[in-house]
1. Being without any contact (Cβ under 8 Å) to a residue 60 or more places away in the chain and assigned to a helix (DSSP H, G or I) narrows it down to one of Val439, Val490, so name that one.
2. Among helices (runs of 4 or more DSSP H) lying entirely in region 137-201, which contain 1 or more residues that are under 27 Å from Ala121 (Cβ atoms) and β-branched (Val, Ile, Thr)?
3. Please state which of the following conditions Gly572 fails to meet, knowing it meets all the rest: (1) part of a helix (DSSP H, G or I); (2) more than 13 Å from Tyr624 (Cα to Cα).
4. Which of the residues belonging to region 382-406 are under 28 Å from Met247 (Cβ atoms) and modelled with pLDDT under 90?
5. Return the residues of region 520-561 that are in a helix (DSSP H, G or I) and farther than 29 Å from Ala510 by Cα; say none if nothing qualifies.
6. Return only the number of the condition from (1) crowded, with 18+ Cβ neighbours inside 10 Å; (2) farther than 28 Å from Ile300 by Cβ that Leu508 does not satisfy.
7. Residues that are more than 17 Å from Ala553 (Cα to Cα): which helices (runs of 4 or more DSSP H) entirely in region 232-329 hold 3 or more of them?
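The values are calculated or read from the model by the stated rules, or taken from the named source; none is laboratory data. What you see is a predicted model; the values in this text were computed from it and never measured. When we count neighbours, we look across all protein chains shown, and the Cβ atoms used for this are built from the backbone with ideal geometry, even at glycine.
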Amino acid sequence: MPAESTSRLESINLKERIGSTVTLSALVLWGLVIFYAYTLAMPRAQYGVLFIAGAIGVYILDELQGAVAESEYLDVALLVISLLVTAVVTAYVNLHFQALNVNRVGYAFPHEYALAAAFVAVIIYLSWRSFGLTFLSILVGSLLYGYFGDLIPGLLGHSGLEVNRLLLLLVLDITGFYGFLTQLVAAWIALFLLYAGLLEGYGAFDLIFRGAVRTSRYIDSGVAQTAVVASAVIGSINGSQTANAGMTGSFTIPMMKENGIKPSTAGGIEAVASTTGQVLPPVMGAGAFIMASLLGISYITVITAGLIPATIMMVCIVIAVHYIASSQLDVIDVDEVLDGLDDRSREDTLVDTAKFLIPFCVLVYTLGIVQLTVMTSALYTVMAMLITGISFPIAHAVFDSRSVTDQAKETLVDTVAGFRRGAIITAPIAIILAAINGVVDILMTTGVPGILTLSMMEISGGIMIVAVLISMVICILLGLGMPTTAAYTVVALLVAPTLVSRFLVPELSAHFFVFYGAILSGLTPPIATCAAVAAGIADADFVDTCYEAIKVAAPLFVLPFSFIYHPVIVSGSLGPAALFTGLLILLGGISIIHGINYRFEAGRGKQVAIGSIFFVTGVLTMVYPSATVQYAGAAVIIALFVVQQLMMNGISIGDSVKSQAK
């Protein structure tokens, strides 16, 4: 056998062995998570140390598989070194946990500083590998800011943190990379990401896809609505809009393109749909857990507060997608599309629906009705998913007189695939949140939130609208290139306190404002990571995709300001005042969508004028703090729609008035 063929065969064998190791490490990680959730057998901080090590291990092994396949020897070497450093540091920290966390806080031995420095280098490398140069610049910039603070003039200057102080802060005091965000992911978010992995492993995405395709029977834009429904539902569990765009976009974007939608439009719709999922209760892309933790309020209060704005956003996006897509879509045969997937019977569909519906009902019951802790509810949901995911297909095979052994093997493969997928989803999110925790601790230690408050007050002159606009820009900039949870955490700690303390904005309103603002970064050039991923899948121009996404999501850029000036819609109350205000804001959002996306039958100049009237009136109705102006805006919008409908029916206003006079 030629030497080249032998080398290729050895590379393939090594890749397969690493792949098996990824699966094994994923099972070990989830074993740790489930064990802790069930027993609480160790301090949460110690569990966080073990969890982040497990997540790093899964990520490195998964990346190593690709590096070996591509013969990228430098990457292989760096990944192996990172894995060894993580293993050594984790073993040491776990062995000396009591001393580091209690007995010697603020002090360490020379060899401990060396270990901490090596682990900082690992986190920097993995953060760059996961999220690129944008986030790397934030992480390294924070380290440099912490160290060279004494050389910085003006408000941003500080006394500077020595290297040893930084290492204590980031690693050895069990803060920084092991801090509250890492522990929050480990205790709350991880189990929901496992749930997402199991949903994918057991075929939930296919079921959602089928249900969404069936809407094409009743709605002209049904194929495009598939992306909105599937991506939003899946994205509500997934903690990263960018990752979600890659996951669901891989099948929704090609489907839209095949049915006549332009590549840039298909990419824009998918990017917006994935972003929408990040604000949908009950999980809200895992942001709800962090918000509840930061505010010290119940999780139920957060998701209740998120219901009205999420509804407004979903309705506006569905209408926008209908306007844009219905003129581009070809006529499709729904039955042919469904038959092209596989020959699933109605009975199979009902079994699959029950299989996924029962765990979701468990989630709603344990979180919303019994109000157990988030971790316990997530554990019960995962257990329910495992029980139904394994037992339902086997029971169905028994009733259909199919081979139980073959079905059991297939179900086992799906279960393992779900565990693996869940770990691969979790790993990069855990890594970046650990890194963000380090950044936040440095900024908090050096007093940046207070500096930001003073700067914002000085620039805005104490005028709320100016301060809110500045805050939105900061949220978008700080959220660039980061998952939802990481982006929200940064702006929640740096921006929200200023709005609360200086401008007396209610806490929930301020946090929802920065939460929505942070996710806008995924759609906003020049970074727009979510749009970039969707554009890549669609083979479309990046700028055109961003433009299409912003057309669809236009009300999303206005909606956060409604939280500031109409805080009742995110107060956690679903009373008449909240619902009526929400209805007015929804009408304003629809007006914005109509003005931007509806094709008016008029000349170019008239189109722009009519669209501008709808847009401006919609913005005022959504944001203006005066109820009188809101009511007037709503009346104008309704009148404009009526006039437009009359004109479409060939009835002029003058003729209508004359006929009534007679």
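1. Checking each option against the conditions leaves just Val490.
2. Values: elements: 163-167, 180-184, 190-201.
Result: 163-167, 180-184.
3. (1)
4. Step one: list which residues in region 382-406 are under 28 Å from Met247 (Cβ atoms), which gives 382-394, 396.
Answer for region 382-406, where residues must be under 28 Å from Met247 (Cβ atoms) and modelled with pLDDT under 90: just His396.
5. If we filter region 520-561 for residues that are in a helix (DSSP H, G or I), which is where we start, we get 520-522, 529-538, 542-561.
The answer is Val533, Ala534, Ala535, Gly536, Ile537, Ala538, Phe542, Val543, Asp544, Thr545.
6. Status for Leu508: all satisfied but (2).
7. Numbers: elements: 241-258, 263-277, 287-295, 299-305, 307-326.
Filter on region 232-329 gives 241-258, 287-295, 299-305.
Residue-wise test of (1) within 18 Å of the chain's Cα centre (by Cα); (2) within 18 Å of Val302 (Cα to Cα); (3) crowded, with 22+ Cβ neighbours inside 10 Å.
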site	(1), (2), (3)
Thr485	yes, yes, yes
Leu494	no, no, yes
Thr498	no, no, yes
Gly517	yes, yes, yes
Gly522	yes, no, yes
Ala549	yes, no, yes
Ala553	yes, no, yes
